[in-house]
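A quick write-up on the structure given underneath.
The values are calculated or read from the model by the stated rules, or taken from the named source; none is laboratory data. None of these values were measured; they are calculated from a predicted model. Please note: Cβ atoms are built from the backbone with ideal geometry, for glycine as well, and neighbour counts cover all protein chains shown.
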Amino acid sequence: MSLLSFLTKTELPKEQDALAGREEIIFEPRIHYVNKNEYPVNTSDFEKVYFGMGCFWGAEKYLWELEGVLFTSVGYGDGFTRNPTYEEVCSGQTAHNEIVEVIYDPKKIEFSLLLKVFWENHDPTQGMRQGYDVGTQYRSGIYITNEVQMQQAKETKDAYGSILVKNGFKSITTDIKEINNFFFAEEYHQQYLAKNPGGYCGHGGCGIKLNLD
């Protein structure tokens, strides 16, 4: 990979330079391939959060396996392009991140457990990459929907960051911010590793546990 192509993949474009996208929606979820739940239209009793952990295929699998998680979907967020395609996101010209939308029941699962799964199952110190996957769409991010999530996300970031540094890792580069947009990815990406059990998953984590006590 040339230096120019590397920089293109690891530097976020400015909004005026991003691809315009389209008004047509790429995909809308209905039934979860794994748990067979219908996509919750009324989420007043549930909460949403969005995680960026590198390639969203493996990230989604970690999250749909949790009891209390009702629905997971993969998509593109925190960028500029409307309803982007996978190819457009991979070009580095949309500013989007590959992220997982998680709809969960706070009466059945604590948000802190979702954060524990997030921190332990990817390397949050790598900036615009995750392992061999290089690009702005692989950056680590927590995109919250309420202030309680924001507070807990920041608290666990500080706690986990301290542990990582003590174990020789660099500082955490994870973005923590309010979600500003999210566009569902194409249908074939949804619950990909359930449809393709031998599919690629580049997640490995740092091998360091986060103690929630």
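If the requirement is being in a loop (DSSP other than H, G, I, E, B) and within 24 Å of V34 (Cα to Cα), which of these qualifies: K48, K107?
Just a single option satisfies the conditions, and that option is K107.
So which of V100, V89, V117 is assigned to a strand (DSSP E or B) and either surrounded by 20 or more Cβ atoms within 10 Å (Cβ to Cβ) or under 15 Å from the mean Cα position of the chain (by Cα) (or both)?
V100
For region 124-140, which residues satisfy the criterion of being surrounded by 24 or more Cβ atoms within 10 Å (Cβ to Cβ) and either among the β-branched types (V, I, T) or in contact with a Gly (Cβ under 7 Å, 6 or more places away or on another chain) (or both)?
Q130, T136, Y138, R139, S140
Can you name every residue in region 120-148 that is within 18 Å of I179 (Cβ to Cβ), in contact with a Phe, Trp or Tyr (Cβ under 9 Å, 6 or more places away or on another chain), touching a residue at least 40 places away in the same chain (Cβ under 8 Å) and assigned to a helix (DSSP H, G or I)?
Q137
Taking the options T72, T94, name whichever one is part of a strand (DSSP E or B) and buried (at least 18 other Cβ atoms within 10 Å of the Cβ).
T72
Collect the residues in region 59-97 that are among the polar types (S, T, N, Q) and over 15 Å from V34 (Cβ atoms), keeping them in residue-number order.
Residues satisfying the conditions are T81, N83, T85, S91, Q93, T94, N97.
On the basis of being within 12 Å of the chain's Cα centre (by Cα) and in a helix (DSSP H, G or I), does Q151 make the cut?
No; evaluated as a whole, the condition is false for this residue.
Report, by residue number, each residue of region 1-22 that is modelled with pLDDT of 95 or more and either of a type in the set (F, W, Y) or within 20 Å of H189 (Cα to Cα) (or both).
G21, R22
So, in region 7-49, of the ones that are in contact (Cβ under 8 Å) with a residue 60 or more places away in the chain and of a type in the set (K, R), which residue ends up farthest from M150 (Cα to Cα)?
Out of the qualifying residues, it is R22.
Just to verify a result, which residue in region 75-86, among those that are closer than 20 Å to C201 by Cβ and hydroxyl-bearing (S, T, Y), is surrounded by the most Cβ atoms within 10 Å (Cβ to Cβ)?
Y76
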